[in-house]
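Written below as structure tokens is the structure these notes are about.
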Ligand SMILES: NC(=O)c1ccc[n+]([C@@H]2O[C@H](COP(=O)([O-])OP(=O)(O)OC[C@H]3O[C@@H](n4cnc5c(N)ncnc54)[C@H](O)[C@@H]3O)[C@@H](O)[C@H]2O)c1
């Protein structure tokens, strides 16, 4: 690996930018935070002073003048594509916050710009901040599925309602929870990790049936409660139930395979192992009802792992230093969670199940119409003092 100092820029100094990224970027080995950028001058000046970086108020100026090797993008989602595309054109590596973009057409434009830039800069890297992929519970589930321990999968049901957000949260930023500012609700902001995890574990479905409720529990114009049903080409069905309105919330991932049931809940992973394949048993037994007694096995999970965001970034930096280990999430994987997010909404808008792949122009056109016709007037208030613990906004390890 080469030992050259990596010069990093950070765009977007809000909750995640200043609260998480700036802190570890400042101390990461072999890395120097040389430029920070926010359209709010005061924020940029304050963070620049705190970390000894230069302040910029326009991301193009940062990309043009700061002599960056890489940029971390932490602006609201609609701006991810413009910043990334400008960076790729200059040969600057990109680590982009989730979701890669709001809709598939934008994500595909980013990937096209990346591929184009790679002709001139073959080593150019594009990583995504899907830090939940590092959580031990999810990693163990993936390992067990891929090793064939569960056999043929028949159902995955994920209830994830631990994304509680109050009206104060939604009122805390002008862009939040509006079609024009954010382009969606829970599927676009809170659930990209869950959607990425679903596709990471089970692949993409071939059919999506989505049921989204718009502003059901909050004074917002986007969805805050969603139920989706998926069909996969291997016969597996999937369910996703998510909301920002439940207390207490649940995060329960239940996976049924022919060899048993795997449940990840409250950070505990339990395998209810069948003594033989339930599919084979069902075909062959002379008993009318269930006589199979599964064995309950608690699966130990790794503890004390490094800070997830920092770990994703460190793998990205290793690549820039010439390392060959895979990134936690590569840019090309970003559109896959958007297939789920956009597909669920498109199905819900039309009231019909949707075959995958679907018409990405239709989703973009619907989104533009919603943004153009928005009547919602945001009433922005400052969030309550002492209530800004960002860690409470992340997902948990099952
Ligand atoms: N990986 C995670 O767990 C995680 C957690 C929180 C947020 N995020 C993602 O990070 C992004 C930012 O979220 P946030 O909660 O920090 O939002 P935020 O509103 O707190 O901060 C966004 C910041 O970007 C600035 N900004 C807006 N447009 C800009 C532009 N064009 N150029 C420069 N600065 C600009 C704003 O002034 C603000 O300071 C979102 O895409 C969100 O989905 C990811």
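The values are calculated or read from the model by the stated rules, or taken from the named source; none is laboratory data. All of these numbers come straight from a predicted model, not from anything done at the bench. A quick note on method: Cβ atoms are made from the backbone with ideal geometry, for glycine too, and the neighbour counts reach across all protein chains shown.
In table form, for the structure just shown:
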read-out: Test: residue in the stretch 147-163 that is away from the ligand (no atom under 16 Å from the Cβ), under 23 Å from residue 343 (Cα atoms) and in a loop (DSSP other than H, G, I, E, B); value: yes
read-out: Residue check for residue 298: surrounded by 15 or more Cβ atoms within 10 Å (Cβ to Cβ) and either without any contact (Cβ under 8 Å) to a residue 40 or more places away in the chain or outside the structural domain of residue 176 (by TED's automatic domain parsing) (or both); value: no
read-out: Members of the stretch 170-198 that are over 13 Å from residue 242 (Cβ atoms) and near the ligand (Cβ under 10 Å from one of its atoms); value: 172, 173, 174, 175, 176, 181, 182
read-out: Some residue of the stretch 191-208 being in contact (Cβ under 8 Å) with a residue 60 or more places away in the chain, crowded, with 19+ Cβ neighbours inside 10 Å and assigned to a strand (DSSP E or B); value: yes
read-out: The stretch 48-67: number of residues that are within 14 Å of the ligand (Cβ to nearest atom) and free of Cβ contacts under 8 Å to residues at least 12 places away in the same chain; value: 0
read-out: Filter result for the condition that a residue is surrounded by 19 or more Cβ atoms within 10 Å (Cβ to Cβ), without any contact (Cβ under 8 Å) to a residue 40 or more places away in the chain and in contact with a strand residue (DSSP E or B) (Cβ under 6 Å, 6 or more places away or on another chain), over 117, 87; value: 87
read-out: Candidate set from the stretch 213-231 (those that are part of a loop (DSSP other than H, G, I, E, B) and free of Cβ contacts under 8 Å to residues at least 40 places away in the same chain); member that is surrounded by the most Cβ atoms within 10 Å (Cβ to Cβ); value: 215
read-out: Of all residues in the stretch 23-44 being in a helix (DSSP H, G or I) and surrounded by fewer than 16 Cβ atoms within 10 Å (Cβ to Cβ), the one that is modelled with the lowest pLDDT; value: 27
read-out: Which numbered condition residue 298 fails, given (1) touching a strand residue (DSSP E or B) at 6+ places or on another chain (Cβ under 9 Å); (2) closer than 22 Å to residue 71 by Cβ; value: (2)
